[in-house]
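To start, the structure under review is shown below, and the notes come after it.
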Protein chains: 2
Amino acid sequence: MNTLFESETRTATLEEHVPYWHETYDVVVIGAGFAGLTAAIEAHNAGASVVVIEKMKAPGGNSIISDGGIAAAGTSMQEKAGIADSAELMYSDMLKAGMGLNHPALVREVATHSTEAFLWSRDYLGVPYMDRIDQFGGHTVPRCYTAENVSGSTIIRCQVAKLRELDVEMRTQTMLKGLIRDASGTVCGVAVRDGYNHKSPHSGTDRFIKATRGVILATGGFGADVSFRTAQDPRLSEEIDTTNTPFATAEALIEALRIQAMPVHLSHIQLGPWASPDEKGFGDGPRFADYIVFQYGLIVSPTTSARIVNELADRKTVADAILEVGRPCIGIADSKAVEQSGWSIDRGIEKGVVKVFSSLSELGSHYGLDNAALASTVERFNGFVEAKADAEFGKPIISEAGPLTNPPFFAMRLWPKVHHTMGGVQINASAQVIDLKGYPTGGLYAAGEATGGVHGACRLGSCAITDCLVFGRIAGRSAATEKP
Amino acid sequence: MNTLFESETRTATLEEHVPYWHETYDVVVIGAGFAGLTAAIEAHNAGASVVVIEKMKAPGGNSIISDGGIAAAGTSMQEKAGIADSAELMYSDMLKAGMGLNHPALVREVATHSTEAFLWSRDYLGVPYMDRIDQFGGHTVPRCYTAENVSGSTIIRCQVAKLRELDVEMRTQTMLKGLIRDASGTVCGVAVRDGYNHKSPHSGTDRFIKATRGVILATGGFGADVSFRTAQDPRLSEEIDTTNTPFATAEALIEALRIQAMPVHLSHIQLGPWASPDEKGFGDGPRFADYIVFQYGLIVSPTTSARIVNELADRKTVADAILEVGRPCIGIADSKAVEQSGWSIDRGIEKGVVKVFSSLSELGSHYGLDNAALASTVERFNGFVEAKADAEFGKPIISEAGPLTNPPFFAMRLWPKVHHTMGGVQINASAQVIDLKGYPTGGLYAAGEATGGVHGACRLGSCAITDCLVFGRIAGRSAATEKP
C-alpha cells in the first residue's frame, strides 16, 4: 500500500511526496498509439532521452484497430489526379463539420502541416500507402490516403520499427498512476505501475520516473469508458457499442483534469454512422458502408424505404439521421459500385454483415421493406446520379458513380457506435496543456484524441491520424526543447 | 499575504492548512441569486444554521436582471385556460431542446416539481405574478408565468424579505476564495475574502468559515467570462455582447473543478436570439422580440427579405439561423400583435431599439429590404396564419394570432448575445456534486446555472428559474440534513 496513492483524492501528487526517483528521462511519453509514438520519435530526434509508457501488453492502443486513413491537403498525388485542394480548404471543411466550436489555431496547424505529416510517415517512417485517394463525408474533395491492409497497424508497425532503430525505450504493461508536479506547479515526472495487468489492476509495483523536460499525454479517447461518457452524453449507455478497444478509458484524462487541465468539448462524442449492429466493435461492415454505400449508394429507412440523409454528409449528420429513425437503416449499393470502389468486401460477406441479393426486390423482402416504395426510392436516386445533382439531399455525386442497376445488390444494416471523443484537455498550438485559468501547465504536453479543440463538435473521417501525427510531432519537439 | 492562497495552484485547500475557523454554520450558501436564496430558505427551514455569501454589494446576482418568467406544468391556471399540460410534456420538451444530452433524472426533478416550486414562490414567498400564461419557443403549450414588473427583481425582493423574516444572515461583498476539504475529502468549509470589492480585487481580509453540514454552490453561470467561454466556444470572443452582468464569471466553477467536480456540457453556451445590437446587455428589445415577434410575427433576412426560421423554435435554432445569415435580421409585428400580447413596448420604442412604421414599405425602406420581396414574404406568412398551418417552417400558429395587416408596424434588429451557460458541475437528483470518478463529493451541493445537465444542449426559455427554485430547494434540504 502506497500512501501517496491512498491520499490522492485529497492532495495533489507533489514532488515533495515522492520518496525517490527510480529513473530519469528528459521526456516521458504516456501512450503508444499514433500520437505517442510520433511524439517519442520527434522528441528523440530533437535530442531528448525518451521513454514511452504503455498500459497494455503491446503498443498500438486504439490506433492499431483504425482503418489507417489519413487526410492531407494539397499533395502531388492530388495534383496528378486533377484534384484542386489546399490547406485552406481542409481548414474550412474541418471548421464547418466542427460547427465552429473548433479552436481555429489548432485546426490551422493540422491543415497546414497535413501534407508534411503524411509525407513524413511515408518517406521517413516508410509507411506503405495504397495508390488511391478517397473522399469521405464532409470533405469537399478526395484527400484521404489509406495505409496498406486498410489498417492502422501498418502505421504502428513502422513507428515501432523506427523507435527500435533509434533505440528509444518502450515500456508496456506500465500504467500511469499520477502526474507529479514540483513546488512551482510544473509537471516534473510520473508515478506509474510497472507490470500492470488490466485483468488484475492491483498487480505490479509502483515506480517514479522523473521527466526533466516534459511529460506528453498521448493517452487517446474515452469512447469505451461508459461511466465517463454517460456523464457527458447520457444516451451513450452500455447498450451502445463502441468501435474502440475496451481499454479506451478516461483515467489519464481524469488525472490531467485533477491537476487542473481545462476540459474542452467533453460532451461532443462521435458516433460512427457506418457501423453494423450485426458484429462487435469496428468490424468489417464499415468498409462497405463508408467506402461504397456512402460514396455511390444510398441509405433507406426500414419503415418508409425512403432515403434519410445526404449519405456523404459528416458523421454526426448521418448518425443523428439514423438514430432519429430509431431502428437500424439499410445501406445499399450495387456490383458496379463495389467494382468502382476497388475495395474487397469479401470479409464482410463471409461474416454475414454484408448481404448479397440477386435483385432489389429480394433485398427489400429480406429487410421487410415495402418493395414498391424501395423501387421508387432507388429509381429517383438513380435519376439524381444521372443528372449529377441530388435534388433531395444535395449529396455531391462522385464523377464515376453510375445508377444502381447492376445486380447483385449488396446491403448492410447500419446502427451507430461510439467512435471518437472530440473532447479532452485544452492545448495551444505548441501542444502545451492549458489550465483552468488559461495558462500553459509547465512540463505538460498533449496530442491526439486526449486533447479537445481540433475537431470541435464533429471530427471528419481521416482527420484523426493527421491530428495525431501533426500534434504528436509538435508535442515531441516542444517537450524536448523545454528548458530542463 | 496568505500562504494558503499563494500556494493554491499546487496544493489542495485542506482543513489541516486552515489556521483557525473564524466562525461556524451548518450550511454555507455561495451566491445570492434565485438558487442560492432558495437554498438558504429551505436549509433554514430544515433546521440548519445558514449563512449566504455574495461577492457583490447587493443580493440578486444575474437573476435580478432576468425577466422573471418561470415555467410550471399542469397548474390550475392552465386548466382554467383550457391548456392541457403535464410534467411529462414539459420533460419531453426539455429533452427535445436539449438534443438528448440532458441528464434525464435531473430533468425529471425539474418538470415534476415545477408547479410545486412555482406555487411555493407565489404562496410562501409571496411573489406577485401577472395574470397571463405565455408560450415560449420550444414549449408545446403556454406554461410561463411572469413576475410583476417583468423582472427577476420581484422574486429576489421576496426572497430577501423572507430571509430577513427568518433571520438568516447574508454577507455581501464576500468572495469565495477556496473550498476546504477535510482529511476524508469532504468539503467542510470555505475560505472567503470579506469586504471584497470587485474594483480592487485584493481589498478585504481572508476568513475561514466552517460548514458542519454542507456548502452549496449557487454561483451562476460564466456568460460574461470571455476567457473561460472562448476555451469552450471560440466564437464567443469579447466582440459578442452578453445579457449577463459583467460579474457572471467562472472563478467559483474553476474552484469546484479544481477539487475534481465533473464538468458537464461546458461548451453548450446559449445565445439569446431576441437580443438587439442597438443596446447593451439584456435591454428592452427582447420583450418585443420574444413576447410579440416570435409569438405572432416573423423574422426576415436583411439580404433576401425571406423568413429564415420557425420563430417559435428553441433558442439555439433561432440564434443559429440568425448567425448563419451573418448580419442582424429584422423582427416584424403589427399593432394587433402588440395589442394581443398585452405587453407595453414603450421603453423599447423610446430607446429607439423598436421602431414604428406606418406601412410595411416604409419599414422595408428603413432597413434596406427589397420591398416587393418583403410584401410577398408577409403575404405568404399571413396565409399560413389564416390557415393555422405554417407550410414553410412548421411554426405552431397561436390561436389568437391574426395576419399582419394592421399598421403601425413594429420592428427591431436581432443579433444574438451570450445568455446562459448550460454547462457546469455535475449533480445528482439530490443536488450533490459528482466528482471525476462518478462519486458524490461529500459536503458539496450545487444548484442553478452553476450546474450542468438539466438543460442539455439548449435551455428552453423560462426553465432557468424553475431549475433554480427546484434544485435550490433540493440543495438546501439535502445540505441541511447531511450528518454533521
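Throughout, read-outs are computed from the coordinates displayed, never taken from laboratory work. Please read all numbers here as calculations on a predicted model, not as lab measurements. Cβ placement follows ideal geometry from the backbone for every residue including glycine, while neighbour counts extend to all protein chains displayed.
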Query - Copy-to-copy label separations for A:Glu169, where each label sits 7 Å from Cα toward Cβ, in nm and ascending - result: 5.8
Query raised in the report: Among bridges DSSP assigns within chain A, what percent are antiparallel (round to 5)?
Result: 65 percent
Query raised in the report: Regarding the stretch A:298-344, what is the average projected area of its C-alpha convex hull, in nm²?
Result: 3.7 nm²
Query raised in the report: Cα-Cα over 25 Å: which of A:Lys437/B:Lys417; B:Lys162/B:Lys351; B:Lys210/B:Lys483; A:Lys177/B:Lys437?
Result: B:Lys162/B:Lys351
Report task. Could you pull out every residue, at least 5 positions away or on a different chain, whose amide H is within less than 5 Å of the one on A:Gly68? Hs are placed 1.01 Å off N in the peptide plane, and Pro or chain starts have none. Result -> A:Gly152
**Report entry** the stretch B:147-247, relative contact order [Cα under 8 Å, separation at least 6], %
**Finding:** 15 percent
Query - Simple label model, 7 Å out from Cα along Cβ direction - A:Ser358 to A:His202, nm - result: 6.4 nm
Report task. Taking the rotation that carries A onto B, look along its axis and tell me which residue of A has the beta carbon nearest to it, distance in whole angstrom. Result -> A:Pro263, 2
Query - Distant-in-sequence amide H partners of B:Asp334 (H built 1.01 Å from N, under 5 Å) - result: B:Phe410
Report summary line: Taking N as the number of residues in the stretch B:1-153, the ratio of its alpha carbon radius of gyration to 2.2 N^0.38 Å works out to 1.34
Report summary line: The FRET efficiency for B:Asn371 and B:Glu400, from their Cβ-Cβ distance with R0 = 25 Å and rounded to 0.05, is 0.30
Report task. Between the label point of B:Glu362 and that of the same position in each other copy, find the distances and list them shortest first in nm, with every label point placed 7 Å from Cα along the Cα-to-C-beta direction. Result -> 7.4
Report task. Could you tell me which of A:Gly285, A:Ile434, A:Tyr129 has its Cα farthest along the dipole of chain A towards the positive end, charges placed at Cβ (Lys, Arg +1; Asp, Glu -1), taken about the Cα centre? Result -> A:Ile434
Requested in this report: Mind sorting A:His44, B:His268 by how few other Cβ atoms lie within 10 Å of their own Cβ, fewest first?
Outcome: A:His44, B:His268
Query raised in the report: Counting Lys and Arg as +1 and Asp and Glu as -1, each charge on the Cβ, what is the dipole of the protein assembly as shown about the Cα centre in debye, to the nearest 20?
Result: 900 debye
Query raised in the report: How high is the relative contact order of the stretch A:274-415, in percent, with contacts defined as C-alpha pairs under 8 Å that are six or more residues apart?
Result: 36 percent
**Report entry** Hits among lysines - C-alpha to C-alpha of B:Lys388 under 25 Å, sequence gap 8 or more where chains match
**Finding:** B:Lys80, B:Lys96, B:Lys316, B:Lys336
Report task. Find every distance from the label point of A:Gly195 to the corresponding label point in the other copies (7 Å from Cα along Cα→Cβ) and write them in nm, one decimal, shortest first. Result -> 6.0
**Report entry** Semi-axes of the equivalent ellipsoid for the stretch B:130-233, Cα gyration tensor, largest first, Å
**Finding:** 33, 21, 17
**Report entry** Alpha-carbon Rg with Dmax, taken over the stretch B:274-415, Å
**Finding:** 13.4, 39
**Report entry** Percent antiparallel among DSSP beta bridges (both partners in the protein assembly as shown, rounded to 5)
**Finding:** 65 percent
**Report entry** Cα coordinate range in the stretch B:271-356, projected on the principal axes (Å, largest first)
**Finding:** 30, 27, 23
Report summary line: Using the Kirkwood formula on alpha carbons, the hydrodynamic radius of the stretch B:8-64 in angstrom works out to 13.1 Å
Query raised in the report: In Å, what is the Rg of the alpha-carbon atoms in the stretch B:390-450, and how long is Dmax?
Result: 22.2, 61
Report summary line: Note to self: C-alpha centroids of the stretch A:274-334 and the stretch A:397-426 sit apart, in Å, by 5 Å
Query raised in the report: Tell me, what is the percent relative contact order of chain A, built from C-alpha pairs under 8 Å that lie six or more residues apart?
Result: 24 percent
Report task. Project the alpha carbons of the protein assembly as shown onto their principal axes and report the range along each, largest first, in whole Å. Result -> 76, 74, 47
Query - Where the Cα pairs of chain A fall when distances are cut into 10 Å bins, in % - result: 4, 21, 30, 23, 13, 6, 2, 0
**Report entry** Rounded Å value of the spacing that divides the Cα centres of the stretch B:48-102 and the stretch B:222-265
**Finding:** 22 Å
Query raised in the report: What order do you get for B:Trp120, A:Trp343, B:Trp21 when you list them from fewest to most C-beta neighbours inside 10 Å?
Result: B:Trp21, B:Trp120, A:Trp343
